[in-house]
Amino acid sequence: MSFHTGTGHLDVVTLDLHDESEDTRARVRGWVEAVHRSFHEQTPSDEHLEKWLTVQRGEEAVLRGVWEQPDLPLAGAIPVATFGYFDKHLNTGASMLLVRMITDVTVSPTHRRRGLMRRLMTEHLDEAAREGLAVAVLTASEGSIYQRFGFGVATTEQSVRIDTSAKFRMRRPVDDDGRVVLVEPGPGWESMRTAYERFHEATRGSLERPGYYETWLRGYDWEEQGEDRAQRVAVRLDADGRPDGFVVWAVKEVDDAYEVRVRDLIGVTPQARLALWQFVADIDLADVAVATTPNLDPLPLALVDHRVVRVRQRPDHVWVRVLDVPAALAARPWFADDVLTLRVHDPLGHADGHFTLGTADGRVHVTPAGESEADVEPDVELDVETLGALYLGGVRVPSLVDAGRLTGSTDSLERFAAMADGGPTPRCATHF
Ligand SMILES: CC(C)(COP(=O)(O)OP(=O)(O)OC[C@H]1O[C@@H](n2cnc3c(N)ncnc32)[C@H](O)[C@@H]1OP(=O)(O)O)[C@@H](O)C(=O)NCCC(=O)NCCS
């Protein structure tokens, strides 16, 4: 497909990652280079490119790029825009829903703010809806880009600095017959995989991890493009000897002191998470640990002095976009039995409409209103990005009502809150 913008003709190409022809290989390298440039990473080495390609093929990822037509002076193999996606399961709290994961959205500075990203995104959301995906997810480099496409912030993380000096003391030591064991990254992989699978099964908001996690957790540094010899791993085993968590970290020297950089900390249970934070605090010669993690709980509440954990930021993490209201809502949990009508506004059309929600025994039955019912006053009204924000329970209905994002009578809003709110806070430990 090709189209015209103010800067000339452009070709949109979906790459065939199994095509070994010279032209496609050059485009693949160019595509990765464009992404690396946009996210300020180093030019990919040949070895790095092969590792990356192996992972993308395994994922059956779809990579799309926009190239200037080759007759333009200096037009090359590096595209002016990139867009990628693959499908993985999201734990909604009631089921495992296959969702579209959108990634590597970039536009070259030479072509920015001319509608390229809007075009790639809107066409892709149409495609995902046609393919039957009920939900799309992404993570954002900036907070103000994606609401206009119907995405709402559904999970957050916490960026923390923890004082691991003698001030770090648990109110009660973790004592559940589990063990923390130091392992080497390669041999430790199977235990990490098992622990992550258990975490994913048990955790609302968790996304299945793409294949690059295995490469990384086995010790390959995707940013530095080489073996990461500073990376350390400890696995936590439950009382039956089964892996129920792990922590991955590196110690860095900062201003003549050591700092533990926690890169990944997964615990299936609160006890496993506490035990792993205690392990981090016990690493000698370092009095500080830093992490960006969804898995901080229940640490501050378990400490003698909760101030040893300083939350520096609470960044948004997973943004949810509902594409099919009946299918998406049927996949998540419900917490009170009732019947309500909902009006969802979606400028892109996918989720737009009136819906009747009937909840019973934790499940919902959603019926799109017929034409004759479409004029009937709805009980609750909201935009599709607000539906995405509340989808996983990370933000509760009353907070969104206070922010002016849901409207209806007080009674209807309270009834909707009773239906929609409940269950655990979502935690996602997958970055993409
Ligand atoms: C973010 C990026 C993809 C935008 O691409 P683009 O082609 O310039 O975007 P478009 O021209 O299609 O803009 C689409 C809409 O998003 C808005 N927008 C684009 N970039 C924005 C930004 N950084 N902040 C806020 N709004 C932005 C535009 O104003 C436009 O709004 P409108 O259509 O409602 O008027 C591009 O700047 C980029 O590659 N940045 C570096 C990499 C990056 O951050 N990628 C996002 C990863 S999640």
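Here LEU125 meets the list (1) within 16 Å of the ligand (Cβ to nearest atom); (2) in contact with a Leu (Cβ under 7 Å, 6 or more places away or on another chain); (3) assigned to a loop (DSSP other than H, G, I, E, B) almost entirely, failing just condition (3). Candidates are the residues of the range 130-150 that are away from the ligand (no atom under 12 Å from the Cβ) and surrounded by fewer than 19 Cβ atoms within 10 Å (Cβ to Cβ); the one that is farthest from THR106 (Cα to Cα) is GLY132.
Scanning the range 380-417 for residues that are free of Cβ contacts under 8 Å to residues at least 60 places away in the same chain and among the basic types (Lys, Arg) turns up ARG396, ARG405. Once the range 253-263 is narrowed to residues that are surrounded by 14 or more Cβ atoms within 10 Å (Cβ to Cβ) and not aliphatic (A, V, I, L, M), the residue that is nearest to SER191 (Cα to Cα) is ARG263. Count, please, the residues in the range 333-362 that happen to be among the charged types (D, E, K, R), in contact (Cβ under 8 Å) with a residue 60 or more places away in the chain and not in a loop (DSSP other than H, G, I, E, B). Adding up the residues that qualify gives 1. Candidates ASP256, ASP264, ASP228: the one that is on the phi > 0 side of the Ramachandran plot and of a type in the set (D, E, K, R) is ASP256. For ALA166, the conditions (1) in the same structural domain as VAL32 (by TED's automatic domain parsing); (2) more than 15 Å from the ligand (Cβ to nearest atom) are fulfilled apart from (1).
Where strands (runs of 3 or more DSSP E) fall wholly inside the range 22-121, the ranges with 2 or more residues that are within 12 Å of the ligand (Cβ to nearest atom), within 30 Å of THR155 (Cα to Cα) and touching a residue at least 12 places away in the same chain (Cβ under 8 Å) are 81-91, 96-107.
The values are calculated or read from the model by the stated rules, or taken from the named source; none is laboratory data. Everything numeric here is computed off the predicted structure, so don't read it as measured data. Glycine also receives a Cβ, built like all others from the backbone with ideal geometry; neighbour counts cover every protein chain displayed.
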